[in-house]
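Visitor: The structure's right below; bear with me while I get my questions together.
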Amino acid sequence: MAKKCKIRKGDKVIILAGRDRGKSGEVIQVLPKEDRVMVRGVNIIKRHTRPSQVSAGGIVEKEASIHISNVAHQDPGSNAPTRVGYRTDDAGRKVRFARRSGEAIDI
């Protein structure tokens, strides 16, 4: 069984390793069973698709998944990579926060 994933859909992340290292983007899908994430505009691959009734076919560019260990959350203040921690706010809700700056991620 996969561990609890601290990165969620809609988070801003930075790529730490691979050919897209240094790029940043928004998480569009999380695949917790495979420990992978899909990031908008990162890890673009080309698929040669056959024409069908729905699409014209040809070479289609789309995002491929990246292993979750190769992405880090983007600090809301400094835009640098940061780790994610959990704490309870004044209302008693459990919220995520950036360990680098201490700023809350979930509002």
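Visitor: In whole Å, what is the distance between the alpha-carbon centres of segment 85-107 and segment 52-66?
Guide: For segment 85-107 versus segment 52-66, the Cα centre distance is 39 Å.
Visitor: Would you work out the relative contact order for segment 17-106, in percent, from Cα pairs under 8 angstrom that are 6 or more residues apart?
Guide: 18 percent
Visitor: Go through 28, 39, 57 and say which Cα lies farthest out towards the positive end of the charge dipole of segment 12-59; charges sit on Cβ, +1 for Lys and Arg, -1 for Asp and Glu.
Guide: Final value for the positive-end residue is 57.
Visitor: Give me the three principal axis extents of the chain from the C-alpha atoms, as integers in angstrom, largest value leading.
Guide: Computed over the chain, the largest-to-smallest principal extents equal 56, 26, 25 Å.
Visitor: Among 24-36, 52-64, what's the highest-first ranking by average C-beta atoms within 10 angstrom per residue? Let's see the in-between values first.
Guide: Details: 24-36: 15.2, 52-64: 9.6.
Put in order of decreasing packing, that is 24-36, 52-64.
Visitor: Mind checking the per residue accessible area of the chain for me, 1.4 Å probe, whole number of Å²?
Guide: Details: 7420 Å² over 107 residues.
Result: 69 Å² of accessible area for each residue.
Visitor: Would you work out what percent of the accessible area of the chain, with all protein chains in place, is carbon or sulfur (probe 1.4 Å)?
Guide: Answer for the chain: carbon and sulfur cover 49 percent of the accessible area.
The values are calculated or read from the model by the stated rules, or taken from the named source; none is laboratory data. Note that this is a predicted model, so its numbers are computed, not measured. Positions of Cβ are generated from backbone atoms using ideal geometry, with glycine treated the same way; all protein chains shown enter the neighbour counts. For accessibility, only protein heavy atoms count, side chains too; no ligands or nucleic acids. Shrake-Rupley method; radii C 1.70, N 1.55, O 1.52, S 1.80 Å.
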